[in-house]
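Enquirer: Below is a structure I'd like to ask you about.
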Amino acid sequence: MRFAGKLVFFAGLGVLLLSATLQAQMYRWTDPDGRVHYSDSPPPEAERRELRVLDERGLTVRELDRPRTREEIEEARRQEALDAQRQEEQEAQEHRDRILLQSFGSERELIAARDDRVTIVDGSLDITEEKIRRLEEQIARLQQRRERSGSPAGLDEDIAGLERQLRLQLRYRDERLEERQRIIDQFDADLERLRELKAAER
């Protein structure tokens, strides 16, 4: 009987202590105007800038982050997107570096590969230049013939057809020249990167 009475007593004491602790808990926060408030219940999320939970002695026992503003949320998302982009670029660079090191064991090999690519394009350019020269000669001959004899039937159409072919060849030549420069620029960048990677291995 005495044991049961003690059990009831301590249980009641625990409830009282818990109730006193809950009642003693206070909240301190700062509103958007900078005013500090105290209350026994937390403020609305929309008004909270800084929130501290105080004990019965007024000491901070917990700090809660204030809700983020729309601008802060957007900035956080923008930063996350930038971080993801940087990560993707870094992984892509690491992939290119691995391929570069696997493909070329030395600067000499890379330079030789560049020269081979450029030589192929130069061969195509030589053929194109020869076609352009022949077309220009044909057009010039037909134009001289037209000047001497007027405009025989079909001559203007022949000249127009050759001029169309000439424009196509000129455009093709410009494209190959651009391709040639791209190859040189890319290999120059790869060469510089290969030197950096080889230096880092030492």
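Enquirer: Among the residues of the range 154-171, are any of a type in the set (D, E, K, R), surrounded by 14 or more Cβ atoms within 10 Å (Cβ to Cβ) and closer than 26 Å to D190 by Cα?
Expert: No, the conditions are met nowhere in the range 154-171.
Enquirer: Here is a follow-up. Just to be sure, is I99 of a type in the set (A, V, I, L, M), under 24 Å from R193 (Cα atoms) and assigned to a helix (DSSP H, G or I)?
Expert: It is true that I99 is of a type in the set (A, V, I, L, M), under 24 Å from R193 (Cα atoms) and assigned to a helix (DSSP H, G or I).
Enquirer: Considering only the range 138-183, how many residues are of a type in the set (V, I, T) and either touching a Pro at 6+ places or on another chain (Cβ under 7 Å) or free of Cβ contacts under 8 Å to residues at least 40 places away in the same chain (or both)?
Expert: Here the count works out to 2.
Enquirer: What do you reckon, is E136 farther than 30 Å from E196 by Cα and modelled with pLDDT of 95 or more?
Expert: On the way: farther than 30 Å from E196 by Cα: yes; modelled with pLDDT of 95 or more: yes.
Taking the combined requirement at face value, the residue satisfies it.
Enquirer: Do we find a residue being of a type in the set (D, E, K, R), at negative phi, out of contact with any strand residue (DSSP E or B) (no Cβ under 8 Å at 6 or more places or on another chain) and at pLDDT below 85 anywhere in the range 34-55?
Expert: yes
Enquirer: Still on this structure: Looking at E130, E163, can you tell me which residue is in a helix (DSSP H, G or I), in the same structural domain as A189 (by TED's automatic domain parsing) and farther than 19 Å from R176 by Cα?
Expert: Result: E163 is the single residue among E130, E163 that is in a helix (DSSP H, G or I), in the same structural domain as A189 (by TED's automatic domain parsing) and farther than 19 Å from R176 by Cα.
Enquirer: Shifting gears a bit: Does A112 satisfy being of a type outside the set (V, I, T) and assigned to a helix (DSSP H, G or I)?
Expert: yes
The values are calculated or read from the model by the stated rules, or taken from the named source; none is laboratory data. The structure displayed is predicted, hence computed values, not measured ones. Neighbour counts run over all protein chains shown; Cβ positions are idealised from the backbone, glycine included.
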